[in-house]
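So the structure is just underneath, and the comments pick up after that.
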Amino acid sequence: MEYGLIGSRLGHSYSKIIHEMLCDYQYELCPLPTEAEARAFLEKKAFQAINVTLPYKRLVMEYCAEIDPRAEAIGAVNTVVNRGGRLVGYNTDYMGFEYLCRSHGVEFKGRTVLILGTGGTHNTTSAVARSLGASRILTVSRTPDPAKGELSYREAVASGAQIVINTTPAGMYPNVGTCSLDVASMPGLEAVLDVVYNPYRTELLLRAEEAGVPITAGGLEMLVGQAVYAAEYFLGRPFADAEGRIGRVYRQLRKELLNVVLIGMPGSGKTTVGKALADALGRTFVDLDQEIVQAAGRPIPEIFTAEGEDGFRARESEQAARFGKENRRLLSCGGGIVKRGENIRALRQNGVILWLDRPVEALTVGRGRPLSSSAEAVRRMAEERRPLYAAAADAVVPNHTTIEAAVKAALETLDEIFDT
């Protein structure tokens, strides 16, 4: 292996995608499930340069003949370069996190910073916060050690922190939807940052957004940043515009990975436009209503008859949670998906939500839709749901004329969103 990544589990790593976007070299994922396998790999030194992820960022230091002072101070190495059999260790996580904070305008000077977790990444983010002028850094643990000044999650709520940084795996794929800190009960928060990069928005970030925290940012941008700086060490030269490369790769990665989610009234064209848009984007098309039918083993009118609307909505939430945590999909949602807040959080964690808006008078009536049995029922439904669509959507796409026009408008809208 010339270049690559080692760690215990790498099934959902984006590092290969990122490095091969950046450079011409081939980058391999090398899972090493046991410490014995990791040690054997490092002893052979059969690589030019590697990145290192959990749980080997400390272990690899034993094999380095030289360690960069910053990595030494943090106590973790995530980049190793083989210089003629002599291994040199660096920590580009520091640089990636520093870039994330800078790119989002996070102001640390004089602030109290609350760091969730006590692992290696805690040390990295703590070092960055301290270097940028934080006045106080507090640590939160599930099993706090009072002798070390650690706080419980309940105590953390009353800490008066302005900045929260999550360095734990809480909310990480596939165990999405978990959040240990009640950010909604923390007035005065200025920023919530999460080093988790999959999903794109963790439950912590989604709740922070709902609470009105001005700055929220996930770990994908940090991941790209550390990869760019690692590639400089790999190649032994700096890039002319490293930060420009980070931005370009980050935007391209979002464009390739994030789901596109269509919401809107029944009969607004979500399935027809969605299939055409999925083809244009190279994404897998998923009709959530059809997934509900398949899981239930009976059509939607029968689900309504047997279980009522509440039963149907529960099934709808199951499918939103199931597909919302995946990526590279085009999700066409039922018209009532916006009636439950948890659905929107599930869809936003890895997706961009587009409201496909069609004039009420052009919406189809009936066709087996239990809640769209008449024109009057459709009108009342539209009055109820339009504010919900507006609140949930990242953008509105008109579907007033042809399918081709709606697809064109959607593609232009997505370009604007992904280029931001």
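Determine if the range 184-192 includes at least one residue that is more than 20 Å from E256 (Cβ to Cβ), without any contact (Cβ under 8 Å) to a residue 40 or more places away in the chain, hydroxyl-bearing (S, T, Y) and buried (at least 18 other Cβ atoms within 10 Å of the Cβ). Outline the logic, then answer.
Step one: filter the range 184-192 for residues more than 20 Å from E256 (Cβ to Cβ), giving 184-192.
Narrowing the set further to residues that are without any contact (Cβ under 8 Å) to a residue 40 or more places away in the chain leaves 184-189, 192.
Next cut, hydroxyl-bearing (S, T, Y) only: 185.
The next check asks that each one be buried (at least 18 other Cβ atoms within 10 Å of the Cβ); those that pass are none.
No, the conditions are met nowhere in the range 184-192.
Provide a single number: the residues in the range 20-33 that are in contact with a helix residue (DSSP H, G or I) (Cβ under 6 Å, 6 or more places away or on another chain), of a type outside the set (S, T, Y) and under 24 Å from R328 (Cα atoms).
Residues of the range 20-33 that are in contact with a helix residue (DSSP H, G or I) (Cβ under 6 Å, 6 or more places away or on another chain), as a first pass: 21-23, 27, 29, 32.
If we keep only those that are of a type outside the set (S, T, Y) too, we end up with 21-23, 29, 32.
Among the residues that remain, those that are also under 24 Å from R328 (Cα atoms) are: 21-23, 29.
So the count comes out to 4.
Return the residues of the range 82-114 that are part of a strand (DSSP E or B) and either of a type in the set (A, V, I, L, M) or under 28 Å from F47 (Cα atoms) (or both); say none if nothing qualifies.
Start the filter on the range 82-114 by keeping residues that are part of a strand (DSSP E or B), which leaves 82-83, 86-90, 112-114.
Across the range 82-114, the qualifying residues are N82, R83, R86, L87, V88, G89, Y90, V113, L114.
Can you run down the residue pairs with Cβ atoms below 8 Å, 6 or more apart or on separate chains, where the first is in the range 243-261 and free of Cβ contacts under 8 Å to residues at least 40 places away in the same chain and the partner is hydrophobic (A, V, I, L, M, F, W, C)?
Y250/L220; Y250/V224
Evaluate the range 46-69: report whether one residue or more is open to solvent by 40 Å² or more (accessible area, probe 1.4 Å), of a type in the set (A, V, I, L, M, F, W, C), part of a helix (DSSP H, G or I) and out of contact with any Cys (no Cβ under 8 Å at 6 or more places or on another chain).
No - not one qualifying residue is present in the range 46-69.
For residues in the range 388-420 being farther than 18 Å from T364 by Cα and open to solvent by 80 Å² or more (accessible area, probe 1.4 Å), which is farthest from the chain's Cα centre (by Cα)?
E404
Which ones in the range 1-20 are of a type outside the set (S, T, N, Q), buried (at least 16 other Cβ atoms within 10 Å of the Cβ) and not in a loop (DSSP other than H, G, I, E, B)?
Scanning the range 1-20 gives Y3, G4, L5, I6, G7, K16, I17, I18, H19.
For the range 248-279, enumerate the residues that are polar (S, T, N, Q) and open to solvent by 20 Å² or more (accessible area, probe 1.4 Å). Full working, then the answer.
Looking only at the range 248-279, we keep the residues that are polar (S, T, N, Q), and these are 252, 259, 268, 271-272.
Listed by number, the residues that qualify are Q252, T271, T272.
In the set R136, R111, R142, R154, which member is touching a residue at least 60 places away in the same chain (Cβ under 8 Å) and open to solvent by 30 Å² or more (accessible area, probe 1.4 Å)? Steps first, answer last, please.
On the way: R136 fails: touching a residue at least 60 places away in the same chain (Cβ under 8 Å); R142 fails: touching a residue at least 60 places away in the same chain (Cβ under 8 Å); R154 fails: touching a residue at least 60 places away in the same chain (Cβ under 8 Å).
When all the criteria are applied, what remains is R111.
Quick one: is V176 under 24 Å from E155 (Cβ atoms) and not in a helix (DSSP H, G or I)? Break it down stepwise before answering.
Values: under 24 Å from E155 (Cβ atoms): no; not in a helix (DSSP H, G or I): yes.
So V176 does not fit the description; no.
What about V192, is it within 19 Å of the chain's Cα centre (by Cα) and assigned to a strand (DSSP E or B)?
Values: within 19 Å of the chain's Cα centre (by Cα): yes; assigned to a strand (DSSP E or B): yes.
In short, yes.
So which of G247, G267, G274, G225 is farther than 27 Å from H122 by Cα, part of a helix (DSSP H, G or I) and not charged (D, E, K, R)? So that I can check it myself, show each step before the final result.
On the way: G247 fails: farther than 27 Å from H122 by Cα; G267 fails: part of a helix (DSSP H, G or I); G225 fails: farther than 27 Å from H122 by Cα.
Going through G247, G267, G274, G225 in turn, just one is farther than 27 Å from H122 by Cα, part of a helix (DSSP H, G or I) and not charged (D, E, K, R): G274.
Condition check ((1) over 30 Å from D194 (Cβ atoms); (2) open to solvent by 40 Å² or more (accessible area, probe 1.4 Å); (3) of a type in the set (G, A, S); (4) without any contact (Cβ under 8 Å) to a residue 24 or more places away in the chain) across all residues:
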residue: G297; (1), (2), (3), (4): yes, yes, yes, yes
residue: S317; (1), (2), (3), (4): no, no, yes, no
residue: A320; (1), (2), (3), (4): no, no, yes, no
residue: F323; (1), (2), (3), (4): no, no, no, no
residue: N327; (1), (2), (3), (4): no, no, no, no
residue: L331; (1), (2), (3), (4): no, no, no, no
residue: R340; (1), (2), (3), (4): no, yes, no, no
residue: W355; (1), (2), (3), (4): no, no, no, no
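Kindly evaluate H104 against the criterion of being touching a residue at least 40 places away in the same chain (Cβ under 8 Å), touching a strand residue (DSSP E or B) at 6+ places or on another chain (Cβ under 6 Å), open to solvent by 30 Å² or more (accessible area, probe 1.4 Å) and closer than 18 Å to M222 by Cα.
On the way: touching a residue at least 40 places away in the same chain (Cβ under 8 Å): yes; touching a strand residue (DSSP E or B) at 6+ places or on another chain (Cβ under 6 Å): yes; open to solvent by 30 Å² or more (accessible area, probe 1.4 Å): yes; closer than 18 Å to M222 by Cα: yes.
For H104, the condition - touching a residue at least 40 places away in the same chain (Cβ under 8 Å), touching a strand residue (DSSP E or B) at 6+ places or on another chain (Cβ under 6 Å), open to solvent by 30 Å² or more (accessible area, probe 1.4 Å) and closer than 18 Å to M222 by Cα - is met.
For N198, which of the numbered conditions (1) open to solvent by less than 10 Å² (accessible area, probe 1.4 Å); (2) of a type outside the set (K, R); (3) outside any strand (DSSP E or B); (4) touching a Phe, Trp or Tyr at 6+ places or on another chain (Cβ under 9 Å) fails to hold?
Single failed check for N198: (1).
The values are calculated or read from the model by the stated rules, or taken from the named source; none is laboratory data. Please read these numbers as outputs of a predicted model, since none were measured by experiment. Backbone-built Cβ (ideal geometry, glycine too); neighbour counts: all protein chains shown. All accessible areas refer to the heavy atoms of the entire protein, side chains included, with ligands and DNA or RNA removed. Shrake-Rupley method; radii C 1.70, N 1.55, O 1.52, S 1.80 Å.
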